[in-house]
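So the structure is just underneath, and the comments pick up after that.
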Amino acid sequence: MVFQNGTVGTTGPAMWLPSGAFEGELGVQAPVGFWDPLGLAADGDVDNFKRRRAVELKHGRICMLACVGYIIPEYFRWPGFLSPAQGIKFADVPHGIAAVSKVPLEGWLQIGLFIGHYEGQFFRQDPKRAPGDFENYGFLGVGKNFIFNFDPIEFPDAEVRKKKLAAEIANGRLAMIALSAMVFQNGTVGTTGPAMWLPSGAFEGELGVQAPVGFWDPLGLAADGDVDNFKRRRAVELKHGRICMLACVGYIIPEYFRWPGFLSPAQGIKFADVPHGIAAVSKVPLEGWLQIGLFIGHYEGQFFRQDPKRAPGDFENYGFLGVGKNFIFNFDPIEFPDAEVRKKKLAAEIANGRLAMIALSAMVFQNGTVGTTGPAMWLPSGAFEGELGVQAPVGFWDPLGLAADGD
């Protein structure tokens, strides 16, 4: 309230209720209703409102055309030359941001004169008409000008007309946001092709393509269709997912169970003396890290070496849950002869691995900020769960553990 009072400049109902002067105008649509958080229309000035509505419509119409213009040049270009004198064909010019530096000065002058002619002659706003309504122009801007000579399409039914005008405003608003996103993505990803808004088609049938995201590759890493690169990334994804699933479990188990005996007899360090989580990094002696490194390296280089002939993450003599034959165990791997069951379980592994990668990141972050790896890290304190204020759906909410000491 203080912030809004300071920015909007009122403490009256207009501070939290929308202005009533223009609530019946076009564009007031659910779920937002009349949205004017800065109170620009609070003074009820009709001329100012009409000017802003005309500007909104103009920008919306331009952005709707621009959104289409981001897509069409990928499939169609005008034949011939853009600049015969400079030998530049339409097909030679990229579109999107990259085109700005390619269009010659004469081209920009032509564009400016064309728009200026429309602005000053055909699309000049008549104060007697509604904002964005121009004489001799109707539905979709069809009308009479120096290019076309159609009778404008109009809708005599007032309700149909109102619905279509409201749809134009809504679509224009969406297009303004969409074009901003397209320009941003074009500038960061560097493409205006289908890869910018459609997923790559080369690997859409692979495991891991699941609802609601589908094949998610916003950076277009798989857009080149390179199978070897895809397999390498999938193997890395599976490896990280499997490690993170184990690590998430490893964040919880040591709170309830520790190995007996010594971690380092020479240094007198017991397993029970070593904290887990981030705090353990500084407690494990150098010899311990060497053992861990040699153990993982042995597995990586011997048992879990990727065979190019097998699917990513599929290792010989290993099956469900990584059970198989190695220097510790000698079990026959658990396999699923039913192809659908196998596919479902492999897809579940990928999904759970992805979740575990996010979960472990959150655990490490919370461990680093809250400073605990115990139940208080993910379970609420039990000392005051019966107090007032403990209400569904959150229950007793104390993420920083301020009440964990039970004081």
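Taken together, the values in this text are just the output of simple stated rules run on the coordinates, not laboratory data. Source: prediction; values computed, not measured. Cβ coordinates were reconstructed from backbone atoms using ideal geometry, including for glycine residues, and neighbour counts include every protein chain displayed.
Tabulated data
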| item | result |
| --- | --- |
| Potential extension, Glu106-Arg258 segment - 0.36 nm per residue separation minus Cα distance | 47.0 nm |
| Scattering profile of the stretch 22-63 at q = 0.13, 0.17, 0.20 Å⁻¹ [log10 I(q)/I(0), Debye over alpha-carbon scatterers] | -0.29, -0.50, -0.69 |
| Rough spin-label spacing in nm, given labels placed 7 Å along Cα→Cβ, for Ala211 and Ala392 | 2.7 nm |
| Net charge dipole size for the chain [Lys, Arg +1 and Asp, Glu -1 on Cβ; Debye, nearest 20] | 840 debye |
| The stretch 290-339: C-alpha gyration tensor shape, a/c 1.5 cut-off, then a/b vs b/c | oblate |
| Spherically averaged projected area of the stretch 54-144 from its Cα convex hull (nm²) | 7.2 nm² |
| Percent of Cα-Cα distances greater than 16 Å, calculated over the stretch 209-276 | 68 percent |
| Cα shape, the stretch 242-388, gyration tensor, a/c 1.5 rule | oblate |
| The chain: calculated mean residue ellipticity at 222 nm from DSSP helix runs of at least 4, using -39500 (n - 2.57) | -12500 deg cm²/dmol |
| Prolate/oblate/rounded call for the stretch 104-184, Cα gyration tensor, a/c under 1.5 rounded | oblate |
| Rough spin-label spacing in nm, given labels placed 7 Å along Cα→Cβ, for Val227 and Thr369 | 4.5 nm |
| Per-pair calculated FRET efficiency, R0 = 35 Å: Ile72 and Val28 via Cβ, rounded to 0.05 | 0.60 |
| Extension gain (nm, one decimal) between Lys343 and Met1, 0.36 nm per residue minus Cα-Cα | 117.6 nm |
| Reach of Lys58 by Cα under 16 Å, taken over aspartates and glutamates that are not fewer than 8 positions away in the same chain | Glu119, Asp126, Asp133, Glu135, Glu168 |
| FRET efficiency for Val281 and Asn317, using Cβ-Cβ distance with R0 set to 35 Å, rounded to 0.05 | 0.55 |
| Förster-model FRET efficiency, 60 Å R0, Leu174 and Lys239, C-beta, rounded to 0.05 | 0.90 |
| Volume per residue of the C-alpha convex hull in the chain, rounded to whole Å³ | 308 Å³ |
| Cα-Cα P(r), the stretch 243-283, percent of pairs per 5 Å interval | 6, 22, 26, 26, 14, 5, 1 |
| Distance between modelled label sites at Ile269 and Asp332, nm, 7 Å Cα→Cβ extension | 4.3 nm |
